[in-house]
Amino acid sequence: MSESNEGNGKTCIVTGVGPGTGSALVKRFAEGGYTVAMIARDEERLAGLAAETPNTHPYPCNVLDADGFIATIEKIKADLGDPAVVVHNAVSAAFGDFMEIKPRQLERTFQINTMALLHLAQLTAPAMIEKGEGAILATSNTATYRGKAAFAGFAPTKAAQRILMESIARRLGPEGVHAGYIVIDAAIDVPWAREAFADKPDDWFCKPADIAEEVYHVAHQPRSAWTFDVMIRPFGEEW
């Protein structure tokens, strides 16, 4: 696909466009020639990113609001056409052990992490199937694979998200549509992580632009070498 800013005639949707990974994803796909639809709650942030990044369009929305999220996806399709790539980067977390978390906290994280992926995939996959190409991707972290005591309000939703994506991949693969799951085992280089790990050197942090580059790569893998589970881990990360 084209690597220019002139456009490749294709649309990408990115949810969870925050100041770190989400913004980097938007910029990378825009650089690759996509028209990018940006979804996040922060309308001001989206407007600022759209002003500085060609071929990007803000769609303020809270994915927790299922009806509003579905309406937003439908509007994007009406405005920009059916997407060739979608990236579910929106995330919610509630920390505490199973005795401490409130059931509504787990329900909330499940709606954002897992149900929003289901809505996104259901609304965008049919056009990809018809064309015999496309990619549905999600970003995650190692809570996907392990239920630490203090992660009872988060890890179950990420595990469910991964299994849902695996089901999506098994269903869509034979149709020519790639589904992939990108796990990030790292402290991402954003201001609050810098404050929390002030003693760490620059190259200890995982750069949002590098994450975005890998996501872009997964979205454009040749069919003979698709990957599903992808793990991003900086060289200095303990595991």
Restricting attention to the stretch 19-43, the residues that are within 12 Å of PRO58 (Cα to Cα), out of contact with any Gly (no Cβ under 9 Å at 6 or more places or on another chain) and either without any contact (Cβ under 8 Å) to a residue 40 or more places away in the chain or in a strand (DSSP E or B) (or both) number exactly 5
Of the residues in the stretch 180-217, those that are surrounded by 20 or more Cβ atoms within 10 Å (Cβ to Cβ) and part of a helix (DSSP H, G or I) come to PRO208, ILE211, ALA212, VAL215, TYR216
Criterion (under 18 Å from the mean Cα position of the chain (by Cα) and within 16 Å of ALA212 (Cβ to Cβ)) met by exactly one of ALA30, ALA66:
ALA30
When the stretch 46-73 is examined, which residues are found to be in contact with a helix residue (DSSP H, G or I) (Cβ under 7 Å, 6 or more places away or on another chain), under 15 Å from VAL36 (Cα atoms) and in a helix (DSSP H, G or I)?
LEU49, ILE73
Looking across the stretch 211-234 at residues that are of a type outside the set (Gly, Ala, Ser) and free of Cβ contacts under 8 Å to residues at least 12 places away in the same chain, the single one that is farthest from THR144 (Cα to Cα) is PRO222
Which listed residue is surrounded by 23 or more Cβ atoms within 10 Å (Cβ to Cβ) and under 12 Å from LEU64 (Cβ atoms), from ASN89, ASN113:
ASN113
How about the stretch 177-187: which of its residues are modelled with pLDDT of 95 or more and out of contact with any helix residue (DSSP H, G or I) (no Cβ under 7 Å at 6 or more places or on another chain)?
HIS178
Does TRP239 meet the test of being modelled with pLDDT under 90 and aromatic (Phe, Trp, Tyr)?
yes
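The values are calculated or read from the model by the stated rules, or taken from the named source; none is laboratory data. Predicted model, so just to flag it, every value in this text is computed and none were measured. Ideal geometry is used to build each Cβ from the backbone, glycine not excepted, and the neighbour counts take in all protein chains shown.
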